[in-house]
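S.K.: My questions all concern the structure below.
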Amino acid sequence: MGQVGQFALALAFVVTIYSIASSLLGIRLRNDKLIASGRNAAVCVFALITTAIGTLAYLFLTSDFAYSYIAEHSNRDLPNYFKISSIWGGQEGSLLFWGWLLTIYTALVVIQNRKKHTAMMPYVTSVLMGTSLFFTSMHLFVANPFKLNAAAVGTQVMGVFSPADGQGLNPLLQDPMMVIHPPMLYLGFVGLVVPFAFAMAALITRQLGDTWIRTTRRWTMAAWGILGTGILLGGFWAYHTLGWGGYWAWDPVENASLMPWLIGTAFLHSVMVQEKKGMLKVWNIVLVIMAYIMAVFGTFLTRSGVVNSVHAFAKSPIGGYFLAFIVMALSASFYLLIDRLPYLKNEDQMGSVVSRESSFLFNNLILLVACFSVLLGTMLPSLSDWITGNKITVSKPFFDAVDVPIAIFLLFLTGVGPLLAWRKASTNSLKRNFMIPIAVACATGGVLLIMGVRHFYAWSALVMSAFVGTSIIREFYKGARARATGTGENFFESVVNLTLRNTRRYGGYIAHFGFVLLFIGWSGQAFTSDSEFEAGIGDTFQIHNFTLRVDGFEPVSGQNYTGDRVVVGLYKGGAKVANMFPGRRNYKGTGEQQATSEIAIRETLLEDVYLVFQGGVDDAGKRGAFHVYINPLVAWVWIGGVVLGLGTIIALLPNKKAAPSRRKKEHGAEAIQEGTTVA
Amino acid sequence: MRSFIAGGRVYNWIVLATLLLIPLLGQADTDREKFVGSHLMCICGCQQVLTECNHIHCPSSVPMRAELKEKLAAGLSDDQVYAAFVGKYGTKVMAAPPFKGAFYITSWLLSGVVLITGAVLLVLYLRRLKSAVPKPAPAAVDPSKFDKEIEDELHNFTPED
């Protein structure tokens, strides 16, 4: 069956080349049929790569261990849904998955735009297929998931060897979150290829107006939102599975996903300046190129062995090919950009240092510096090794010291930017817009100090959160009040209609509010406390205002694991508030048994009680070692993520058309004048 | 709220009081073992700081943490503890690069320098542009001709970006 996948890959390789050639030749010869053929070939590539990945799924489900990828990442006891997620559990499969998602995006883009942008689309197809060609080459020649296990005697290959069982999937990946998290990340990464393809097509065709921006804005926002969701799901998985009490460790692989997201965030903001004022055209193309490069670079980082990471795939020669591709893409795109600079003149000028457009520039600067600092920290161990010959580690203390202040400054701008007017903000409007948020922020700061908060970063983050949160709520209040007065709607209706009538703006505010909640959650890390203890049945342990009592130990088993779990009663103020069930599992795998911790978390809006069972400490199995953490405000990270996602979805919706107004003319104009501050 | 703001006094007091309270801030007193341990790495390959390695019966973090406790109990300063660990496990045991030597100091400061330089250049750029923009000439048109347009816009009011 693997031959079907192998044949599909080979055919996809040929058809991809045909698609590029046909599209480019079609433009040169002005032959619409060739262009259409190139487009159809792109859809055909999607069908072929789908066949390949379908074949791989079949091989996993039938446990065909003659194929080395299946033997290394699955076993017979693995539940079927994890057999499917095993597709992206290793180097070769995850690359194929990346390539497959790219062909999905390509097919959607070419079908959606088959009758639009006739000059640009053949180039868009070519760029998308060019990226696809690189990945198909990798599948075929470097990281082939359909490689058979060779049975060898000495150096002589005697045939195909099919082991009785596979090595199993890494137990840490046997988590429902791991079924969703990697696809979301990849969808986000790959989605950033679409705006890049349109930007390149716009440069080639010299159609550098707003068309490519408007066409790709939703694609970019969707990719950015999906990537952000993927990152958060990764944090959620780490928190609920890894058992070290946190959700973000500045691991190189985590950083690799954060960098394109930061660039994407910068692009989504600066693109508004181009749409509104016809400015920052060069800058926007630079951001699109960087987002694309960072997405590929992130994939390179995790696969090249350049950085040490627990999440990285095994070191392989694939890194060199990726590096060559990145250099090629970077050179070609910047050559094009420089060549087309005369077509990228600003249509307007900046009005003032204190204006909405300049706040976007500062926002971009901070996001880029944030990306740069993450890149620097990620690469520093390798750079140190190359330059000084000294092997170092760069972990949380470095990133916390360098990036947290940048993040707080970014949060500050999140509050300031929307309050500034386009072109120039007058002193009066500044006073009017900033007074209440500043007052609330100051009051919050004072209350926090009185409450005993002394951690500078946490204090700053919470004060900034109060500032930004207030400014966002105030914007909704002002807009809704003006609308309610003008239309006769009640306040709630006004909020909803206001949001639906300008989804991009108010969706953006909701996303910003999600960002505020994320910061509130992150600031909780400053107040985390933990303790380790050993306890037997009936023993208690006190941490903060909680008491934990071990009530029993019991065996557990599943389809491919056995283990123990502990029943622990959680008490607060003498009353039982929860039963917790931390445990350990030993997963069945050929050769060795792999133990993992099953974390028990009692989550509330205020704090999490996070309990890890580290294992039995006596032979009778009636006494165990535990690690307990009190993690304040973590729930707000997940809530913030949901709100951020909701804001993104709203911003993606088309604006609701205006309904006939019920506004009372005699009062409306006055009310609106009072209510609106947006210049 | 408007009169409260307009009065300005309470507002000013809030701002002033907060500014006066800020010096109270500082790094929270934390458990020293946890603090020192958070600047060291577990060397088992988990890529986690020593205090966060959660490997069950980890062959590295368990003895390393015992060693840390022992050194702190012996009265060693933080720097002495770090030096002892670097001596035994190599520079990779530190969770962050040292703040010494041109290469590492540059690494620590580079992002901040880029941010400040970028911000200064941006302000200069914006000011230059501002001075280059000609001031608009006084309106020579009758503003009443826009009344209808304004009225229509207010009628369909939705705040714009």
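The values are calculated or read from the model by the stated rules, or taken from the named source; none is laboratory data. Keep in mind it's a predicted model, so treat the numbers as computed, not measured. Quick reminder, even Gly has a Cβ in these numbers, built from the backbone with ideal geometry, and neighbours come from all protein chains shown.
S.K.: Run down A:547, A:562 and say which single residue is part of a strand (DSSP E or B), within 30 Å of residue A:454 (Cβ to Cβ), among the polar types (S, T, N, Q) and touching a residue at least 24 places away in the same chain (Cβ under 8 Å).
M.R.: It is A:547.
S.K.: Could you say whether any residue in the stretch A:155-167 is outside any strand (DSSP E or B), at pLDDT 90 or above, in contact with a helix residue (DSSP H, G or I) (Cβ under 6 Å, 6 or more places away or on another chain) and in the same structural domain as residue A:57 (by TED's automatic domain parsing)? Steps first, please.
M.R.: Step one: of the stretch A:155-167, the residues outside any strand (DSSP E or B) are A:155, A:161-167.
Next, from what is left, pick out any that are at pLDDT 90 or above: none.
For the stretch A:155-167, residues outside any strand (DSSP E or B), at pLDDT 90 or above, in contact with a helix residue (DSSP H, G or I) (Cβ under 6 Å, 6 or more places away or on another chain) and in the same structural domain as residue A:57 (by TED's automatic domain parsing): absent.
S.K.: Let me ask something else about it. Check residue A:471 against each of (1) within 11 Å of chain B (Cβ to nearest Cβ); (2) closer than 30 Å to residue A:525 by Cβ and name the one condition it does not meet.
M.R.: (1)
S.K.: Does residue A:378 meet the test of being of a type in the set (S, T, N, Q), assigned to a helix (DSSP H, G or I), under 23 Å from residue B:116 (Cα atoms) and touching a residue at least 40 places away in the same chain (Cβ under 8 Å)? Outline the logic, then answer.
M.R.: Numbers: of a type in the set (S, T, N, Q): yes; assigned to a helix (DSSP H, G or I): yes; under 23 Å from residue B:116 (Cα atoms): yes; touching a residue at least 40 places away in the same chain (Cβ under 8 Å): yes.
So residue A:378 passes the test.
S.K.: What's the number of the condition residue A:203 fails, among (1) more than 21 Å from residue A:88 (Cα to Cα); (2) surrounded by fewer than 21 Cβ atoms within 10 Å (Cβ to Cβ); (3) at pLDDT 80 or above?
M.R.: All conditions pass for residue A:203, except number (2).
S.K.: Does the stretch A:543-557 hold any residues that are loosely packed, with under 14 Cβ neighbours inside 10 Å and either under 36 Å from the mean Cα position of the chain (by Cα) or closer than 19 Å to residue A:607 by Cβ (or both), and which are they?
M.R.: A:544, A:545, A:557
S.K.: Assuming residue B:66 fulfils every condition listed in (1) over 28 Å from residue A:598 (Cα atoms); (2) at pLDDT 55 or above; (3) more than 9 Å from chain A (Cβ to nearest Cβ) apart from one, which condition is it?
M.R.: For residue B:66, the exception is condition (1).
S.K.: Separate question: Taking the stretch A:239-270, which residues are under 18 Å from residue B:42 (Cα atoms) and small (Gly, Ala, Ser)?
M.R.: Matches in the stretch A:239-270: A:243, A:245, A:246, A:249.
S.K.: Does the stretch A:421-432 include one or more residues that are part of a loop (DSSP other than H, G, I, E, B) and either touching a strand residue (DSSP E or B) at 6+ places or on another chain (Cβ under 6 Å) or within 22 Å of residue A:633 (Cα to Cα) (or both)?
M.R.: No; the residues of the stretch A:421-432 include none that is part of a loop (DSSP other than H, G, I, E, B) and either touching a strand residue (DSSP E or B) at 6+ places or on another chain (Cβ under 6 Å) or within 22 Å of residue A:633 (Cα to Cα) (or both).
S.K.: Could you tell me which residue of the stretch A:435-461 is surrounded by the fewest Cβ atoms within 10 Å (Cβ to Cβ), considering only residues that are within 7 Å of chain B (Cβ to nearest Cβ) and not in a helix (DSSP H, G or I)?
M.R.: Result: A:454.
S.K.: Being under 15 Å from the mean Cα position of the chain (by Cα) and more than 8 Å from chain B (Cβ to nearest Cβ) is the filter here, so list the residues in the stretch A:238-254 that pass it.
M.R.: A:238, A:247, A:248, A:250, A:252, A:253, A:254
S.K.: Touching a strand residue (DSSP E or B) at 6+ places or on another chain (Cβ under 7 Å) and assigned to a helix (DSSP H, G or I): which single residue out of A:514, A:569, A:524 fits that description?
M.R.: A:524
S.K.: Right, another one. Of everything in the stretch A:354-408 that's facing chain B (nearest Cβ under 7 Å) and of a type in the set (D, E, K, R), which residue is surrounded by the fewest Cβ atoms within 10 Å (Cβ to Cβ)?
M.R.: Result: A:391.
S.K.: Something else: Going by what's in this entry, would residue A:545 be described as of a type in the set (S, T, N, Q) and closer than 30 Å to residue A:616 by Cα?
M.R.: On the way: of a type in the set (S, T, N, Q): yes; closer than 30 Å to residue A:616 by Cα: yes.
Yes.
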